[in-house]
Amino acid sequence: MKISKSQLKNTLTILKPMEAKDQVIILEIKDNVLNIHTRRDGMMLKLKAIKTEEKESELIAIKKEFLTKIEKQDTEEFELKINKKTISSKVNGISFSTAIMAEEMNFEVKEEEIEATKIMITPEVMKTLDNALSFVSKDTKRPVLQGVLLSLKEGKLNIVSTDTVKMYINQIESGYEGEVSVIIRPETITVLKAIFDANGEKSFPILVNDKALFISSKGLFLKATLFEGVYPDVVSVLEKGKLKKLEYAGEITEEVIKKLKAIENKTSTLSIAKDEKEITFETKSEIDTNSFKIKEENEYVFQKRVNYSNFLNIVAIANSLEIRENFFMFTKGETKILLMALRDE
């Protein structure tokens, strides 16, 4: 069985987010196509994109590490030989072999007929989902906040995530019919990104219902379960923030972002102070103090503290800023981000 380097590289790109320790994959040839089955908690994936001269084969289980090892070799094509107990490949005079695992390790990802709402993962949607991952919670006691809310209503696709300190909201005009609201697991988004990258950053469709997210195409089948529960009404929090007293409105320029990166400190806090003539940005630890000032003459006067890493990550996405009491509100187009100021010590 022959596989090109590009085919193997794309396959491993998609398989990487499915990784578990000592990941096992199942190989099977069916109708002259190599099928690769794999799974992890909440997800099942079947790849079926590599054509072969062989027509059929039994299911065999191997460690994915074997394919990773041979893909690193300097050659444009690999030949895999499957025997009763091993699968092997000889590349540039070096022999690679791995044991076929016991039959009890075998499993098969079975495709399903699906009734679901179709949504296209366009470059814009993929970038938005990827951005949203930076705002999910790590709190295992609130699993819904570990995911990203994806909702479609009246042709508008809303993507929302929050850890209660920072909140991300984006609305995209999709033009698709139907109505759905689900909470996607972060590892599912990582798999979607891998598929997007392996597909040359081209758009592809997903199918979503209240049970799972699916991809069902000629080249692969994916089923990913969703988080169950009710997602908090982040939009209403944002609307309440807009009613608070305006203390500042302005743009965080590229020059300021560059200087913010330069004052990185072990401290996690960024202090921002504004008088009638300038703004001071400062990070401070027990032994170091880093700061810079920019001229900005207006009526705004305030002194606030925020998480340094959060602030820096957010201004890279949306740099138009309003400060309303303890709410830092960033916007860019349809992207709206809320960051809560730190309480006074």
Going through the cross-link list K16/K48; K16/K127; K46/K138; K118/K244; K9/K332; K118/K240, which pairs have a Cα-Cα distance over 27 Å in this structure?
K46/K138; K118/K244; K9/K332; K118/K240
Give me R142, R305, R343 sorted ascending by neighbouring Cβ count inside 10 Å, so fewest comes first.
R343, R142, R305
Show me the trypsin sites (Lys or Arg not before Pro) within region 202-268 that DSSP assigns to loop and that have at most 14 other Cβ atoms within 10 Å of their Cβ.
K202, K211, K218, K244, K245, K266
In terms of the Cα gyration tensor, with a ≥ b ≥ c the square roots of its eigenvalues, is region 1-76 rounded because a/c is under 1.5, prolate because a/b exceeds b/c, or oblate?
oblate
Where does the Debye-calculated log10 I(q)/I(0) of region 234-340 sit at q = 0.11, 0.14, 0.18, 0.23 Å⁻¹, using only Cα point scatterers of equal weight, no solvent?
-0.33, -0.54, -0.89, -1.40
Taking each pair of different alpha-carbon atoms in region 295-345 once, compute 1/r for the pair, average those values, and report the inverse of that mean as the Kirkwood hydrodynamic radius in Å to one decimal.
11.9
Where only C-alpha atoms are counted, convex hull volume of region 84-155 per residue in Å³:
282
With the radius of gyration and the Kirkwood radius both derived from the Cα set of the chain, what is their ratio Rg to Rh?
1.08
Calculate how large, on average over all directions, the projected area of the Cα convex hull of region 230-291 is; give the answer in nm² to one decimal.
6.9
Mind checking region 71-168 for GluC sites (Glu not before Pro) that DSSP puts in a loop (not H, G, I, E or B) and that have at most 15 other Cβ atoms within 10 Å?
E76, E108, E111, E112, E113, E115, E154
What number in nm² do you get for region 117-177 if you take the convex hull of its Cα atoms and divide its surface by four?
4.2
For a label point 7 Å along the Cα-to-beta-carbon line of K2, residues of region 58-87 with backbone N under 12 Å
76-80
Which length gain, in nm to one decimal place, applies between E65 and K277 when the Cα-Cα distance is subtracted from 0.36 nm times their residue separation?
70.3 nm
For region 70-150, state which trypsin sites (Lys or Arg not before Pro) are in a DSSP loop and have at most 14 other beta carbons lying within 10 Å of their beta carbon.
K72, K84, K85, K110, K138, K141
Specify the inter-centroid distance of region 297-338 and region 43-80, based on alpha-carbon positions, in whole Å.
48
What do you get for Rg/Rh over region 125-218 if you use C-alpha atoms and the Kirkwood form of Rh?
0.95
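Read-outs: derived from the displayed coordinates by stated rules, not from any lab. Note that the coordinates shown come from a computational prediction; the quantities given were computed from them, not determined experimentally. Cβ coordinates were reconstructed from backbone atoms using ideal geometry, including for glycine residues, and neighbour counts include every protein chain displayed.
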